[in-house]
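Here the structure is laid out as structure tokens; the discussion comes afterwards.
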Amino acid sequence: MIQRVRRRTARAPYAAGVVLAGGSGARMGAGMNKVYLPLAGRRLVSWSLAAFGRVPEIGVLVLVARPEDSKLVDWVLDRELPDTPVEVVYGGDTRMDSELQALRRLASRVHDGTVDAILLHDAARPLVSPALIAGVLHAAREHGGAIPGLPADDIVTVAGDGHVVSGAPLDAAIRAQTPQGFLAAPLIDAYEQAAREEFVGTDTASCMERYSRVPVRWVHGDQHNFKITYPHDLTIAEQFLESSEYRT
């Protein structure tokens with residue numbers, strides 16, 4: 001179901017940004033969806049939306065929300081992002097269901113060639129920068145798919161009993177972030193096939209790995225683009241915002 005639509009003008013073909021705000025954030029213990037908690041003077045979700053709104057190549061911006069958060073969505077868009085066109089759709093029971101609803105919303109524009117690439121981002125990562133968004137988009141258009149991440153050189157393997165370290169740090173591993181970007185047509189095809197087979201992946205890249213042959217490029221992520229999971233994460237994010245020029 002579409003709750004509201006605001007359109008922005010852009011030259012086609014353009015990219016679409018999808019911000020996922022359908023989680024509950026139970027680990028925050030806030031009694032509400034964490035993406036609507038205050039962060040440095042505005043709601044957490046509006047930081048991500050504003051960052052996407054500053055990227056010229058993003059021609060349409062979709063927010064995936066829960067029906068029960070509709071009043072909070074209206075509040076954010078009307079008071080904090082009045083000049084940022086946003087289309088709002090309701091998500092499903094799982095992350096993949098929510099992503100699929102957004103992709104179906106964009107499908108007609110993908111099929112007619114208006115939208116050529118789609119980036120999907122967790123609203124719980126409010127410190128994503130326009131530069132990182134643009135970098136992921138560029139790599140996705142060039143290679144087919146792209147995900148940002150940081151080297152996970154602090155991860156080691158353990159033996160089968162789960163107690164004995166059995167190997168050196170995994171130099172080739174990364175800690176994946178969002179936005180994850182892909183060429184739009186194969187992305188939609190992969191998600192529709194996943195829906196038919198009732199596959200539930202961990203993130204966008206896992207679905208693409210299973211249902212497409214699109215190569216995925218690693219883009220170096222940003223240490224500030226971390227996920228807000230616990231209350232102290234909000235404190236860290238607020239300190240960064242108050243001490244930097246990251247303002248929109």
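Compared with the alpha-carbon gap, the fully stretched path from residue 199 to residue 217 is longer by 4.2 nm at 0.36 nm per residue. Taking amide hydrogens as placed 1.01 Å from N in the peptide plane, the amide H of residue 174 sits under 5 Å from those of 152, each at least 5 positions away in sequence or on another chain. Rolling a 1.4 Å probe over the protein heavy atoms gives segment 74-130 an accessible area of 36 Å² per residue. For the pair residue 79 and residue 239, label points projected 7 Å from Cα toward Cβ lie 2.8 nm apart. When nucleic acids and ligands are ignored and a 1.4 Å probe is applied, residue 83 ends up with an accessible area of around 140 Å².
Accessible surface of residue 211, taken over heavy atoms with a 1.4 Å probe and every protein chain present, rounds to 30 Å². Apolar share of the accessible surface for segment 13-103: 48 percent from carbon plus sulfur atoms, 1.4 Å probe.
The values are calculated or read from the model by the stated rules, or taken from the named source; none is laboratory data. No experiment lies behind these values; they were computed from the predicted model shown. Don't worry about glycine lacking a Cβ; one is built from the backbone with ideal geometry, like all the others, and counts go over all protein chains shown. Each accessible area value is taken on the protein alone, full model and side chains, heavy atoms only, with ligands, DNA and RNA left out. Shrake-Rupley method; radii C 1.70, N 1.55, O 1.52, S 1.80 Å.
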